[in-house]
Amino acid sequence: MLDLPTANNQLRTTQLVQVRTESPTVKTFMFTDRLCSKAKPGQFLMLWIPGIDEIPLSIMDTSNGVISVTVKAVGDATRHLHNLAPGATVGVRGPFGNSFTESRGRVLLVGGGTGTAPLLFLAKQLASKTDRLSFVEGAKTASELLFVKEVGGICQEKNIITTTEDGTAGLQCLVTQPLASLLDKEKFDMIYVCGPEIMVKRIFELTEARKLPIEASLERLMRCGIGLCGSCVIGKYRVCRDGPVFNAAQLREMKDELGISKIGFDGSRIPF
Ligand SMILES: Cc1cc2nc3c(=O)[nH]c(=O)nc-3n(C[C@H](O)[C@H](O)[C@H](O)COP(=O)(O)OP(=O)(O)OC[C@H]3O[C@@H](n4cnc5c(N)ncnc54)[C@H](O)[C@@H]3O)c2cc1C
Ligand code: FES
């Protein structure tokens, strides 16, 4: 029988208390919500933008009971959200999904784009518990590298690698390029990944070839967020209920779809 979330699934309205610009295309939105303030890194919420749409977003922070989500403007709902100011009303359901496990030892976090947001939440929680925390972050261009200062405040400089596709900051390459040699050179007890699915797929190939543990957060199109509609299915899994965080054994099971195709809002299969 389907185990449906109850209180978490009730829509609550709240007001934005702060909006912070992170880059030309990314803003962080802050609001209070009692249930989401208990969220763990990796979990997501459904944010309703009144009159427009409801969208899934990773929870980036819950410090002092204030929930933060970091959002890139890509379409209708996210552009409308970007136009909202503090005081605007939004709706919240969640938190939903599983979370990253808390690994000790030597930990590597790899983020691409807004995928860096939930990893920053995780990094803050792991900072005092791990032997070594390394961070690899990639973006198209320097202005899209998110949370550089915050990551610098948590990880030692020698354990941070940044890449940009146009060479405006860090190494000029895809994030996967320095990773291969890093994984050959240093030992890691866990590799956490969040970013575009193609990036997750390439990193999974690198960790598989070296038999390394990995947990990756996936983004699929979502409508209900609670396992009912099937729009987020990958292989035998529903990303909203079984994920969004998947381990190596689960990623192996879905490798014929991972980074290859997804289900669109009209139910058709779309190649990446
Ligand atoms: C679990 C989860 C966590 C997410 N966390 C974040 C986050 O922290 N920050 C953030 O900026 N975005 C996040 N996303 C993606 C975000 O939900 C989409 O960008 C948003 O729904 C787009 O809505 P829109 O109406 O603006 O764009 P639309 O007009 O619906 O689409 C514009 C473009 O974005 C793509 N898109 C739409 N929905 C998704 C989706 N769910 N995943 C990937 N691409 C999508 C479409 O294919 C299209 O190319 C997350 C998605 C999931 C599933
Ligand atoms: S979003 Fe409906 S089943 Fe996952």
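Read-outs throughout are calculated quantities, based only on the coordinates presented, and are distinct from any laboratory measurement. As the structure is a prediction and not an experimental result, all values here were calculated from the model. All Cβ positions, glycine included, derive from the backbone under ideal geometry; neighbour counts span all protein chains shown.
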(message) Can you return the lysines within cross-link range of Lys185? Criterion is Cα-Cα under 19 Å, with same-chain partners fewer than 8 residues away left out.
(response) Lys158, Lys211
(request) Can you tell me the alpha carbon radius of gyration of the chain divided by the globular rule-of-thumb value 2.2 N^0.38 Å? (result) 0.96
(request) Would you be so kind as to identify which of Thr25, Ala39, Gln125 lies farthest towards the positive end of the dipole of the stretch 24-130, taking Lys and Arg as +1 and Asp and Glu as -1 on Cβ and the Cα centre as origin? (result) Gln125
(message) As I understand it, the value is the acute angle between the Cα axis of helix 116-126 and the longest principal axis of the Cα atoms of the chain; what does it come to in degrees, rounded to 10?
(response) 70
(message) Ignoring everything except DSSP H segments at least 4 long, calculate the 222 nm mean residue ellipticity for the chain; use -39,500 (n - 2.57) per segment, divide by total residues, nearest 500.
(response) -6000 deg cm²/dmol
(message) Under 8 Å for C-alpha pairs, at least 6 residues apart: give me the relative contact order for the chain, rounded to a whole percent.
(response) 16
(message) Taking amide H atoms as placed 1.01 Å from N in the peptide plane, list the residues 5 or more away in sequence, or in a different chain, whose amide H sits under 5 Å from that of Val136.
(response) Leu109, Val110, Gly111, Ile161
(request) Run down the aspartates and glutamates and flag those whose C-alpha is under 18 Å from the C-alpha of Lys236, throwing out any fewer than 8 positions away in its chain. (result) Asp3, Glu197, Glu215, Glu219, Glu253, Asp256, Glu257
(request) Let me see the pair-distance distribution of the stretch 7-96: every alpha carbon pair, 10 Å bin width, integer percents in order. (result) 18, 58, 23, 1
(message) If you average the alpha carbon positions of the stretch 1-63 and of the stretch 82-145, how far apart do those two centres end up, in angstrom?
(response) 14
(message) To make sure I understand, if each residue's beta carbon is the centre and we count other beta carbons within 10 Å, what order do Thr164, Thr21 fall in, fewest to most?
(response) Thr21, Thr164
(request) Would you mind calculating the gained length between Arg34 and Thr6 on full extension (0.36 nm times residue separation, minus the Cα-Cα distance), in nm to one decimal? (result) 8.6 nm
(message) I need the semi-axes of the equivalent ellipsoid of the stretch 89-219: take the C-alpha gyration tensor, multiply each eigenvalue by 5, square-root it, list largest first in whole angstrom.
(response) 21, 19, 16
(request) Excluding Thr14 itself, calculate the net charge of residues whose Cβ lies under 13 Å from the Cβ of Thr14, where each Lys or Arg counts +1 and each Asp or Glu counts -1. (result) +2
(message) Only bridges whose two residues both fall in the chain count here: according to DSSP, what percent of them are antiparallel, nearest 5?
(response) 60
(message) Binning at 5 angstrom from zero up to the longest distance, how are the C-alpha pair distances of the stretch 183-272 distributed in percent?
(response) 3, 14, 26, 24, 16, 8, 5, 2, 1, 0
(message) Kirkwood hydrodynamic radius, the stretch 32-169, all distinct C-alpha pairs: what's the number in Å?
(response) 16.0
